[in-house]
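To keep things clear, I will list the structure first and then write my remarks on it.
The values are calculated or read from the model by the stated rules, or taken from the named source; none is laboratory data. Quick caveat, the model's predicted, so the values are computed rather than measured. Here Cβ is always computed from backbone atoms with ideal geometry, including for glycine, and neighbour counts include all displayed protein chains. For the accessible areas, the whole protein counts, side chains as well, though only heavy atoms, and no ligand, DNA or RNA atoms are used. Shrake-Rupley method; radii C 1.70, N 1.55, O 1.52, S 1.80 Å.
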Amino acid sequence: VQLQAFGGGLVQPGGSLRLSCAASGRSFSASTMGWYRQAPGKQRELAADITSGGTAKYADSVKGRFTISRDNAKNMVYLQMNSLKFEDTAVYYCNVKRRGLISYDYWGQGTQVTVSS
């Protein structure tokens, strides 16, 4: 199983970025897919996730600015980030997990997002 995240970069405040994560090795249509982030000196936190049924959950700090989506046919998860702020600067990690009889928790390598003027 491999998760490859890409799309990070340097952006000015107010700008936009779209992160993508390609998952391979098995089907993840029954999993929850998400994006976590870790800023320097801080703990990793959930930015957004989306269930297999399409229910999305967002951190309060990104609500209204970030949109998570998934494409089960392609085993992809996306994070559209708009109106970026300085405090969105972090390494963003892709995650897929499933709980229950079949359980797993996989992480991607992370992609850096830097918001700076």
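Before moving on, here are some points about what is shown:
- The range 45-82, residues that are loosely packed, with under 15 Cβ neighbours inside 10 Å and among the charged types (D, E, K, R): E45, K57, D60, K63, D71, K74
- Of the strands (runs of 3 or more DSSP E) lying entirely inside the range 31-75, those carrying at least 1 residues that are without any contact (Cβ under 8 Å) to a residue 24 or more places away in the chain and more than 19 Å from S103 (Cα to Cα) are 45-50, 56-58, 66-71.
- Test set (1) touching a strand residue (DSSP E or B) at 6+ places or on another chain (Cβ under 8 Å); (2) in contact (Cβ under 8 Å) with a residue 60 or more places away in the chain - D105 fails condition number: (2)
- Residue within the range 88-103 that is open to solvent by less than 30 Å² (accessible area, probe 1.4 Å), more than 19 Å from A23 (Cα to Cα) and under 13 Å from the mean Cα position of the chain (by Cα) present: yes
- Here A39 clears all of (1) in contact with a helix residue (DSSP H, G or I) (Cβ under 8 Å, 6 or more places away or on another chain); (2) over 14 Å from A5 (Cα atoms); (3) surrounded by 15 or more Cβ atoms within 10 Å (Cβ to Cβ) except the condition numbered (3).
- Boolean, T111 is surrounded by fewer than 18 Cβ atoms within 10 Å (Cβ to Cβ) and at negative phi: no
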